[in-house]
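This report concerns only the one structure given below.
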Amino acid sequence: MGQKINPLGFRLGTTQGHHSLWFAQPQNYSEGLQEDQKIRDCIKNYVQKNMRIPSGVEGIARIEIQKRIDLIQVIIYMGFPKLLIEGRTRKIEELQMNVQKELNCVNRKLNIAIKRIENPYGHPNILAEFIAGQLKNRVSFRKAMKKAIELTEQADTKGIQVQIAGRIDGKEIARVEWIREGRVPLQTIRAKIDYCSYTVGTIYGVLGIKIWIFVDEE
């Protein structure tokens with residue numbers, strides 16, 4: 001059978017970089033990893049709580065973390081930074097305080113920056129959140145997938161594949177449905193492919209959404 005591999009890990013070092021950059025001794029590595037996870041969860045929870053529009057789309061494409069001895073630099077790439085900033089920097093300071101409390105790091109400074117990304121719907125995380133919001137509102141899954149594909153076509157990508165698995169439309173037997181538009185060359189390492197998997201809790205159970213977006217070829 002064809003073995004599936006995570007397209008991001010498969011392309012590390014060619015078209016894909018790491019989302020966390022730091023160095024640790026083997027015995028401290030797991031602590032650093034858990035720290036990263038804490039930072040990401042904390043930021044996501046904060047954004048969910050303080051959203052202007054409860055549309056379900058948080059608009060975080062990715063969170064990059066760089067650590068030095070005395071500094072943790074966090075860069076949040078957002079599609080709709082207005083949701084978080086909205087004219088005042090107090091939000092960011094509040095977020096910094098929250099994360100620092102979570103980490104209780106005394107001797108390290110924390111620095112959070114927000115960057116806006118062009119074409120937010122060209123990013124799988126934001127699309128997955130959009131689809132999740134639609135599925136929670138009981139929109140039929142085919143309609144949601146088609147709409148998502150229309151949104152990415154406006155963000156000029158070369159191809160997209162969307163897959164939803166689980167109890168679709170509340171059917172008793174779980175199944176997998178997918179739809180592809182354009183080309184998605186998963187075997188080509190040179191092809192830059194963005195990927196995300198996202199779980200959405202509906203009233204019937206948990207659905208998994210996977211999205212592959214073919215950005216461009218190098």
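Values in this text are rule-based calculations from the coordinates and carry no lab data. These figures come from a predicted structure and were not determined experimentally. Using ideal geometry, Cβ is built from the backbone for each residue, glycine included, and neighbour counts are taken over all protein chains shown.
Taking the DSSP beta bridges with both ends in the range 9-116, the antiparallel portion is around 40 percent. Shown is the FRET efficiency for residue 82 and residue 28, computed with R0 = 30 Å from the Cβ-Cβ distance and rounded to the nearest 0.05: 0.20.
Counting only residues at least eight positions apart within a chain, or on another chain, the lysines with an alpha carbon under 19 Å from that of residue 158 are 146, 147, 192, 210. Only helices enter this figure: runs of n ≥ 4 DSSP H residues, each worth -39500 (n - 2.57), summed and divided by the residues of the chain, yield -9500 deg cm²/dmol at 222 nm to the nearest 500.
In the chain, the DSSP beta bridges split such that about 75 percent are antiparallel, to the nearest 5. Mean projection of the Cα convex hull over all viewing directions, computed for the range 120-217: 5.7 nm².
Evaluated over the range 9-116, the count of Lys pairs having alpha-carbon atoms less than 24 Å apart is 28 (only pairs 8 or more residues apart or interchain). Sorting 210-218, 149-157 by average packing, meaning the other beta carbons within 10 Å per residue, from highest down gives 210-218, 149-157.
Looking at the range 60-129, what % of its DSSP beta bridges pair antiparallel, to the nearest 5? Counting only bridges with both partners in the range 60-129, antiparallel ones make up about 45 percent. Here the dipole of the chain is about 360 debye; that uses its Cα centre as origin and unit charges on the Cβ of Lys and Arg (positive) and Asp and Glu (negative).
Considering only alpha-carbon pairs that sit under 8 angstrom and 6 or more positions apart, the relative contact order computed for the chain is 19 percent.
Relative to its Kirkwood radius, the Cα radius of gyration of the range 9-116 gives an Rg/Rh of 0.98. Subtracting the Cα-Cα distance of residue 19 and residue 48 from their residue separation scaled by 0.36 nm leaves 8.3 nm.
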